[in-house]
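Structure record follows, encoded as structure tokens.
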Amino acid sequence: MWTDQLKNALRLTLRRLSRQRLNTSLHIAGLTIGMSVCLMIGLFLRHELSFDAYHSKADRIYRINTVWTDNGNKSPHFSTPVPLGDALREEVPGLEFVAQWHPLGEEVVEINPQRRFAQKNIMLAEPDMLNVFDIKPVQGDAFAALRKPYQALLTRSTAKKFYGEENPIGKSFKFRNQFDITVAGIIEDFPANTHMNATMVMSFFKDEQFMQNSVTSWTFVMGTSTYVVLPQGTKLTDFNARLKGIADKYINKHETRPGSRTDFDAQPLHDIHFNSTYAGGGQWVQAVNANWLWVFGIIGLAVLILACINFINLSTAQALTRTREIGVSKALGAGRMLLIRQFMVEAWVLAFASGVLALGVSYVCMPLINTLMEKQIDYNFSQNPILITALLLGIALTGLLAGLYPAWILTRFNPVDVLKTGSQVAGDHRSTWLRKGLVVTQFSISIILLVAVTLMAQQVNYLRSKNLGFDHDNVVTVNLPQMNKASLFHSKLNEVTAIKNVSFSTSTPAAEGHWGTMMSLTNGDDPQRKDVTLILADPQFRDLYNLKLVAGRFLEPADTNLISRKLPNEQQIANVVVNEKCVKALGFASAADALDKKFWYGMNSGNAHIVGVVADFNATSLHNAIQPTLMTQVPEYYSLAGIKIEANHNLPQTIVTIEKAWKTSFPDQIFDYKFLDEQIDAFYKAETRLYTLFKIFALLAVVISCLGLYGLATFAAQQRTKEIGIRKVLGASVAGITGLLTKEFLALVLIALVIASPIAYYAMQQWLADFAFHIDVRWQVFAGVGIVAMAVAFLTVAGQSIRAATMNQVKSLRSE
């Protein structure tokens with residue numbers, strides 16, 4: 001019997017929905033938007049929360065991190081000294097597996113003279129990496145390959161990129177133009193949700209020239225990661241105690257610096273993607289802020305709730321058109337539960353239609369989201385039953401949330417009163433206040449998002465336009481592969497009239513991975529020694545980047561300390577230039593006072609002689625405060641060429657000319673260049689993405705809120721039809737009636753502004769606190785957003801109000 005009732009309810013629902021196409025479209029549009037946003041955010045969260053969860057031993061895998069402590073200041077890093085791996089195997093019994101891997105930067109791979117690639121994400125790995133992680137071999141003996149030097153496992157996509165459809169096993173390629181590497185196997189591509197997304201795995205051959213890392217030093221840390229698999233039941237505190245013992249045995253043996261020590265700690269695998277504490281430029285996939293995952297989840301639910309509120313308001317706005325239908329049904333014996341079931345069927349039909357459309361919208365939009373977020377989020381619904389199940393549950397829950405209140409309110413009318421007056425809704429003050437409260441909630445959420453978008457736009461613009469203390473326009477950077485040929489490259493560039501200046505250094509003034517060391521007015525054993533950023537640069541560095549000289553002079557060719565470095569440490573004196581922050585950190589009263597002073601610095605435990613002071617400049621992103629910075633010359637360490645191009649010259653043609661000079665100087669290397677201003681913009685990529693997403697969310701929230709407001713305006717206009725007719729008979733103008741109908745809705749928006757403002761203020765203050773340099777949150781932002789919200793609300797309501805005000809008064813008076 002219930003099946004017949006369901007069929008009848010479905011038939012009636014489809015008939016009614018097809019007759020009221022506008023209202024049906026509004027219902028479906030709102031729910032589709034809400035469910036699409038919720039679904040896409042759900043896919044994003046699922047991707048982020050599943051990082052590294054696919055490994056069978058994931059709950060027992062730990063990465064060992066290094067933590068340096070100096071006078072209470074901790075400097076954590078994700079990598080460890082290479083000797084730690086063997087020490088763990090020999091001195092910590094019971095560990096299931098210990099494995100190390102080392103990331104390489106962009107390397108030149110030559111298949112043949114005509115096929116050369118600049119390959120990224122190359123991993124050097126020990127054989128037990130295959131036991132620690134679920135790396136899937138496809139072809140060849142992966143374990144045997146990683147036990148031999150100069151062997152490589154290619155991922156499927158890399159093998160196809162290098163060799164096409166040929167079988168690559170046994171073939172060899174040239175690595176860095178000097179090593180012959182044999183392809184010994186193929187492995188599956190690493191999934192997108194892992195922190196070690198390698199394109200190639202090569203054997204962990206402990207050769208310092210090959211690894212570009214020290215393999216014996218306990219104090220040299222350059223990217224090597226160490227992983228362990230702990231046995232079931234192992235207490236992490238016990239294992240960390242063993243790590244402390246190893247650190248004390250091999251590193252913490254100095255007695256003159258009691259405040260300085262090195263420690264190792266074990267970090268669970270599932271924590272790596274959500275913990276940005278352990279910094280380092282060798283990480284291929286940057287950690288995410290877990291708080292922002294909560295924010296996105298809340299936004300997804302908020303947009304869905306907005307859509308449900310919109311559904312409720314639109315449904316109750318139609319109450320006056322359905323009261324007679326309900327009254328007749330009740331008079332003919334229909335019980336309230338039967339009527340509620342009918343309304344719930346309508347809600348679920350609309351929710352199902354919206355869910356299907358949301359599925360299509362998500363499928364179309366996810367490639368755009370992946371591009372925007374630089375992610376590879378899987379959105380193949382057909383092969384993921386969990387996603388389909390979640391979507392069906394979401395449809396059922398959305399239909400329940402959206403349909404239950406309208407069903408309850410529309411089925412409680414007294415049939416006698418309904419058939420006599422045609423309305424029972426007008427006197428329900430509780431329902432009226434609830435609907436108004438829902439509209440206030442909608443606009444509060446919308447205003448919070450609008451304030452966030454406005455302040456994000458201002459902050460991003462501030463980040464991009466702030467004077468960083470150096471010139472970065474029209475500057476091209478090129479990594480230098482070999483310093484013994486760099487002089488030829490330098491001379492070739494100097495012949496180009498379009499090039500204003502050339503400088504060799506270890507980095508640009510602003511970079512993610514500056515070198516660092518310590519400094520002190522006494523010696524390296526000083527417990528009060530301080531951190532200092534280290535830039536090795538030639539004399540042209542100042543002119544190219546237009547650094548402002550405050551006192552003394554900049555570096556000169558004669559300042560190079562190549563000769564003095566052959567002397568004993570205490571006789572090594574390097575002429576250096578420091579910034580104003582460094583002057584203050586060393587305790588000098590002024591830049592002039594610092595000139596000609598000497599201090600100890602950690603590079604080769606040498607002594608520095610201050611010959612000049614430059615104005616402070618931002619050496620990193622504006623998330624960070626300006627740090628003490630030291631510049632000196634050590635030519636053999638230069639790894640970067642900065643090239644300043646004249647502003648009035650053809651930029652593309654000049655790049656071609658630079659490439660010709662490169663090929664003449666480094667014929668075996670691949671030419672790759674970057675613009676410095678683009679590198680600086682990349683510092684704020686996360687903020688730019690966030691700003692773009694919030695713009696989308698804010699727009700959708702406003703659209704949904706307007707649909708809800710439209711529904712309430714329709715309801716109010718219908719409810720007051722007779723009142724409007726009487727007012728018109730008594731001489732009220734259209735403008736007066738329009739103002740009467742719109743002012744209460746504008747009051748709701750004003751209330752929403754009052755509620756939303758402190759919430760938005762607090763949230764944005766927390767976001768801006770992540771920046772050392774940021775804008776102030778001004779009241780004008782809230783005033784502007786309030787005006788925009790009021791204007792949007794007025795335009796939404798005005799149409800219904802004017803239509804009601806211009807209605808024929810005879811019809812108005814007869815409507816009830």
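Within the range 215-242, restricting attention to residues that are within 33 Å of the chain's Cα centre (by Cα) and more than 30 Å from Lys136 (Cα to Cα), the residue that is surrounded by the fewest Cβ atoms within 10 Å (Cβ to Cβ) is Thr237.
Taken over the range 40-99, residues that are free of Cβ contacts under 8 Å to residues at least 24 places away in the same chain and in a loop (DSSP other than H, G, I, E, B) amount to 1. For the range 708-731, the criterion of being over 24 Å from Ala791 (Cα atoms), touching a Lys or Arg at 6+ places or on another chain (Cβ under 7 Å) and either of a type outside the set (Asp, Glu) or modelled with pLDDT of 85 or more (or both) is met by no residue. Checking the range 516-539 against the condition returns a match, with at least one residue being within 30 Å of Asn71 (Cβ to Cβ) and without any contact (Cβ under 8 Å) to a residue 60 or more places away in the chain.
Of the residues making up the range 24-81, those that are within 27 Å of the chain's Cα centre (by Cα), over 30 Å from Met518 (Cβ atoms) and polar (S, T, N, Q) are Thr32, Ser36, Ser50. Restricted to strands (runs of 3 or more DSSP E) entirely inside the range 470-543, those with at least 1 residues that are of a type in the set (D, E, K, R), assigned by TED's automatic domain parsing to the domain that holds Ala619 and closer than 30 Å to Phe599 by Cα are 530-536.
Each row is one residue, and each column tells you yes or no for (1) surrounded by 22 or more Cβ atoms within 10 Å (Cβ to Cβ); (2) in contact with a Leu (Cβ under 9 Å, 6 or more places away or on another chain); (3) in contact (Cβ under 8 Å) with a residue 40 or more places away in the chain.
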residue	(1), (2), (3)
Val109	yes, no, yes
Arg116	no, no, yes
Leu124	yes, yes, yes
Val132	yes, no, yes
Pro137	no, yes, yes
Gly140	no, yes, yes
Tyr150	no, no, yes
Thr158	yes, no, yes
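Report whether or not Leu153 is hydrophobic (A, V, I, L, M, F, W, C), in the same structural domain as Asn193 (by TED's automatic domain parsing) and under 33 Å from the mean Cα position of the chain (by Cα). Yes, satisfied. Selection of the range 604-615 for residues being buried (at least 22 other Cβ atoms within 10 Å of the Cβ) and either within 35 Å of the chain's Cα centre (by Cα) or at positive phi (or both) yields only Val614. Quick check on the range 20-49: of everything there that is over 14 Å from Ala302 (Cβ atoms) and of a type in the set (Val, Ile, Thr), which residue is surrounded by the most Cβ atoms within 10 Å (Cβ to Cβ)? If we take residues in the range 20-49 being over 14 Å from Ala302 (Cβ atoms) and of a type in the set (Val, Ile, Thr), then Thr32 is surrounded by the most Cβ atoms within 10 Å (Cβ to Cβ). Say whether the condition of being more than 19 Å from His55 (Cα to Cα), modelled with pLDDT of 90 or more and either of a type outside the set (A, V, I, L, M) or assigned by TED's automatic domain parsing to the domain that holds Ala159 (or both) is met by at least one residue in the range 253-263. Within the range 253-263, one or more residues are more than 19 Å from His55 (Cα to Cα), modelled with pLDDT of 90 or more and either of a type outside the set (A, V, I, L, M) or assigned by TED's automatic domain parsing to the domain that holds Ala159 (or both).
The values are calculated or read from the model by the stated rules, or taken from the named source; none is laboratory data. Fair warning: this is a prediction, and the values are worked out from it, not measured in the lab. Here Cβ is always computed from backbone atoms with ideal geometry, including for glycine, and neighbour counts include all displayed protein chains.
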